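First up is the structure itself, then whatever we jot down about it.
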Amino acid sequence: MLQYGIEPRKFLFSVSRLVPEKGLHYLIPAFESLDTDFKLVIAGGGGFDADYETRLREMAGDRVVFLGPADRDFVAELFSHAQLFVLPSDLEGMSIALLEAMNMGVPVLVSDIPENVCVVENAGFKFRAGDIDHLRDVLGGIIHDAAQLSEFGRRASERVAPFQWPVVVDQLEQTYYDCCRQKPIATPDVAEIENPLQTASDALDALPIEEG
């Protein structure tokens, strides 16, 4: 980290492709408006829109460090020393980077889109998606509050426990097992089917559905 001028606990971290849906064009100006000696470190390669990457670099000052693509060991090192992980996206699935940050006990700040909120619940900080002013205010209120960040780091590591791979695999295995215990549905001889679409509909209607 030292070759990039990055000091432990003196930087905010974001892992993201440099594409519009990841919301870095909110994070960079919000960070730049803060009066702090922290750095903002961004790990991730560009997308297909080179103009967007150029725009990000133009709005970034000397305190913003673009690392480009980074290997897993280096990203893990950065996670372990980050003051805060920030995910400002407009669009997500279930962010692996967010899960990794929480698993390492890093406090997280995310946009309040449903995909992020369902992961962090009350174990992370949130800001209104797309609202640069609100993001700046939230950042300014927490980045120097060591006690609050420590508490939310602890909450994050506890919250992410159900998303651990061994737990997920056990749940998936149990789901398959439960499905296999259901009574099989009789399959008619294809040659005897007069209306295949109606037969398929009837088969779907016959599937057992558990309430609740």
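Selection of first residues in region 83-96 that are in the same structural domain as Arg9 (by TED's automatic domain parsing) and of second residues that are in a strand (DSSP E or B) and hydroxyl-bearing (Ser, Thr, Tyr), restricted to Cβ pairs under 8 Å at least 6 apart or on distinct chains, gives the following pairs, ordered by first then second residue: Phe85/Ser14; Val86/Ser14; Leu87/Ser14; Leu87/Ser111; Pro88/Ser14; Pro88/Ser111; Ser89/Ser111; Asp90/Ser111.
Return the total of residues in region 159-172 being assigned to a loop (DSSP other than H, G, I, E, B) and over 25 Å from Gly23 (Cα atoms).
Number satisfying all stated conditions: 1.
Residue by residue, here is whether (1) in the same structural domain as Glu92 (by TED's automatic domain parsing); (2) in a loop (DSSP other than H, G, I, E, B); (3) in contact with a helix residue (DSSP H, G or I) (Cβ under 8 Å, 6 or more places away or on another chain) holds:
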| position | (1), (2), (3) |
| --- | --- |
| Leu12 | yes, no, yes |
| Glu21 | yes, no, no |
| Leu27 | yes, no, yes |
| Phe31 | yes, no, yes |
| Leu34 | yes, yes, yes |
| Asp37 | yes, yes, no |
| Asp51 | yes, no, no |
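Does Glu100 fit the bill of being of a type outside the set (A, V, I, L, M, F, W, C) and under 25 Å from Asp137 (Cβ atoms)? Judged against the criteria, Glu100 is not a match. So, in region 125-144, of the ones that are at pLDDT 95 or above and assigned to a loop (DSSP other than H, G, I, E, B), which residue ends up farthest from the chain's Cα centre (by Cα)? The residue in question is Asp131.
Only one of the numbered conditions (1) modelled with pLDDT of 75 or more; (2) surrounded by fewer than 11 Cβ atoms within 10 Å (Cβ to Cβ); (3) in contact with a Leu (Cβ under 9 Å, 6 or more places away or on another chain) is not met by Gln182, and that is (1). Summed over region 27-39, residues that are buried (at least 18 other Cβ atoms within 10 Å of the Cβ) and under 18 Å from Lys126 (Cα atoms) total 4. When we screen Ala101, Ala147, Ala156 for residues that are in a helix (DSSP H, G or I), exposed (fewer than 10 other Cβ atoms within 10 Å of the Cβ), assigned by TED's automatic domain parsing to the domain that holds Ala30 and modelled with pLDDT of 90 or more, the only hit is Ala147. Residues of region 122-133 include at least one that is of a type in the set (Asp, Glu), assigned by TED's automatic domain parsing to the domain that holds Gly23, surrounded by fewer than 17 Cβ atoms within 10 Å (Cβ to Cβ) and farther than 27 Å from Asp73 by Cα. Taking the criterion of being surrounded by 11 or more Cβ atoms within 10 Å (Cβ to Cβ), outside any loop (DSSP other than H, G, I, E, B) and either among the acidic types (Asp, Glu) or in contact with a Cys (Cβ under 6 Å, 6 or more places away or on another chain) (or both), would at least one residue in region 83-98 satisfy it? No, the conditions are met nowhere in region 83-98. For the condition surrounded by fewer than 18 Cβ atoms within 10 Å (Cβ to Cβ), touching a residue at least 60 places away in the same chain (Cβ under 8 Å), in contact with a Leu (Cβ under 6 Å, 6 or more places away or on another chain) and not hydrophobic (A, V, I, L, M, F, W, C), Gly140 qualifies.
Using the structure shown, decide if Asp170 is not small (Gly, Ala, Ser) and not assigned by TED's automatic domain parsing to the domain that holds Tyr26. Answer is yes for this residue. Looking only at residues of region 53-78 that are assigned to a helix (DSSP H, G or I) and of a type in the set (Lys, Arg), we find that the one that is nearest to Glu100 (Cα to Cα) is Arg72.
The values are calculated or read from the model by the stated rules, or taken from the named source; none is laboratory data. The shown structure was predicted, so the numbers you read here are calculated from the model rather than taken from an experiment. Using ideal geometry, Cβ is built from the backbone for each residue, glycine included, and neighbour counts are taken over all protein chains shown.
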